[in-house]
Amino acid sequence: MSDYPEYISEKRIPVPTPEAIVEGGKAHFGTFTEPFRKLNLLDCDKPCGRLMPDCMKKSRLTEWEAVELNLKEGILVSAIYNTGPIGFSIFVWYDKRKKKIFSWRNVVPVKKAKVASQLIDDDCYLKTDNSEYRITNDLLRGKAYAKGFTEGKNGRFALDVALTRISPPSVVSIPFGENKPLYSEKDFLKAEGYVEVNGEKFVTDEYSVGIIDDHKGYYPYRAHYDWLTTMGYLNGEAFAFNLTRNQSTDQDAYNENLIWVEGKSYPLPPVRFFREKRRSPVWEIRDDYGAVNIRFEIDATFFMLMHFLVVDVYYALPFGKIYGTLKDPDGKIYVVDGMFGIGEDKTTRM
C-alpha cells in the first residue's frame, strides 16, 4: 500500500477472490483479483431490508452482461439484461464516419433472458423471432466470445467476435447498504472478428479492442448512476479507463474507477459528473485530487425510456470524443485528447 497515494483506499487494492460472493448470508465487499466462481447474490440475508420477504429478492436483483467494441469504423454497445419483470437484448452501433446511431432492442419475459451465473464457464443467451445473441464466458482464462444477429427498422446487424484479456480485470463488490451488494466485473480485451451492419462488414484490425461489463446488484427503489469509458490505443499501447459514480455508501473505499494500460491496471479515486442540464452536449468528470480531469463532447445519443406500472427507466447512452488528462498512482499523466468515449446516464424507479 505504501506505493499508492493516500487518496487511494487500501480497499481498492485487489485481494484474492473468495469462492463465493455471499457466505453465511453476508456479502463480501471490496476489490478482487479474478472472477468469482459463485455469484450467489440471492443467498444474501435481507439485502433489501427487513420488511422485504425473501420471495421478492429475485425481482429486486438486476443483472446484465455487456460487450462493448471499438473498431476503426464504429463503436458497439451490446448487452443481455434481466431486470424486474422483463429481459431484453440491445445492439447499439455508432458509426464514427457518419456520427449516426443504429439500434435494435429485443424484449422478452424475464424467464427467457438468460444472464450468465458467473464468468468462468457460463453463457448469456437471448433469442426472439428476429434475433439471437450468445456471450460465451471463459474469463478465468481471460477469454470470451460474442456471436449474434438482430433485425428491425434499422435493418440487419450481426457480430462474431473472439475476445482475449489485455490487462488485469476489475472485480468489485460495492455496498449499496449494510448487506446490499452491487457486483461488477469489467475486462479490457483484444477483439478479433467482425461486425456487420446492413450488409457492410467491418473486420477487426490490430487496434480493435473491447470491454466486457458483467453486473449484478440490488439497486435502491430509486437509483441513479453515471458512467464514462474509453478503449483503444494511446502512445502505442492498449489503453482504457472506467469512471463511474453510483450509490456506493463509501465512495473512497468502494468504487470501480481505474486506468488500464497494456498488462497493467491502476485504481483511481472517486469522481463526480457535471452537466449544465440533463441533456447537455458536454460532460465534465473530475475528482478531488487532480487525478481525473476529463471533458466529454457528445456527438450522438441513444435513448431508451421505459414506463410500465412498476418500472420507470431513463437511459441515455451518448457517444463522442473525450479530452483531458488522467494521472495514475505513480504520477504518470495520460493525455486522452480525441479518444472516443461511451457514457451512460441512467435513472430507474423499480
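Values quoted throughout were computed directly from the atomic coordinates according to the rules given, and no laboratory measurement underlies them. Since we're looking at a predicted model, the values are computed, not measured. As a convention, Cβ positions derive from the backbone with ideal geometry for all residues, glycine included, and neighbour counts pool all protein chains shown.
Please state the charge dipole magnitude for the stretch 8-135, taken about the Cα centre, from unit charges on C-beta atoms (+1 on K and R, -1 on D and E), reported in debye and rounded to the nearest 20. Could the numbers behind the result be given before it?
Values: 22 positive and 17 negative charges, 129 e Å.
Computed charge dipole of the stretch 8-135: roughly 620 debye.
If amide hydrogens are placed 1.01 Å from N in the peptide plane, which non-local residues have theirs closer than 5 Å to the one on Leu268?
Amide H neighbours of Leu268: Asn257, Leu258, Ile259.
Placing +1 at every Lys and Arg Cβ and -1 at every Asp and Glu Cβ, with all other atoms neutral, what dipole size does the stretch 10-349 have around its Cα centre, in debye to the nearest 20?
1020 debye
From the phi angles alone, apply the Karplus equation (6.51, -1.76, 1.60; θ = phi - 60°) to the stretch 217-224 and give each ³J(HN,Hα) in whole Hz, x where the residue is Gly or Pro.
x, 9, 7, x, 3, 10, 10, 8
Across the stretch 67-84, in residue order, what do the Karplus-derived ³J(HN,Hα) couplings come to in whole Hz, using 6.51 cos²θ - 1.76 cosθ + 1.60 with θ = phi - 60° and x for Gly and Pro?
Coupling constants for the stretch 67-84: 10, 10, 10, 10, 10, 4, 8, x, 10, 10, 10, 9, 6, 10, 10, 9, 9, x Hz.
May I ask you to evaluate 6.51 cos²θ - 1.76 cosθ + 1.60, the Karplus curve with θ = phi - 60°, for each residue of the stretch 93-108 and list the ³J(HN,Hα) values in order in whole Hz, giving x for glycine and proline?
Values per residue, Gly and Pro as x: 10, 9, 7, 5, 5, 9, 6, 10, 9, 10, 9, 9, 9, 10, 9, 9 Hz.
Once you've got the Cα coordinates, tell me which of Lys127/Lys186; Lys216/Lys277; Lys190/Lys327; Lys57/Lys190 are over 31 Å apart.
Those over the limit are Lys57/Lys190.
Any idea how far the Cα center of the stretch 1-59 sits from the one of the stretch 85-146, in Å?
For the stretch 1-59 versus the stretch 85-146, the Cα centre distance is 25 Å.
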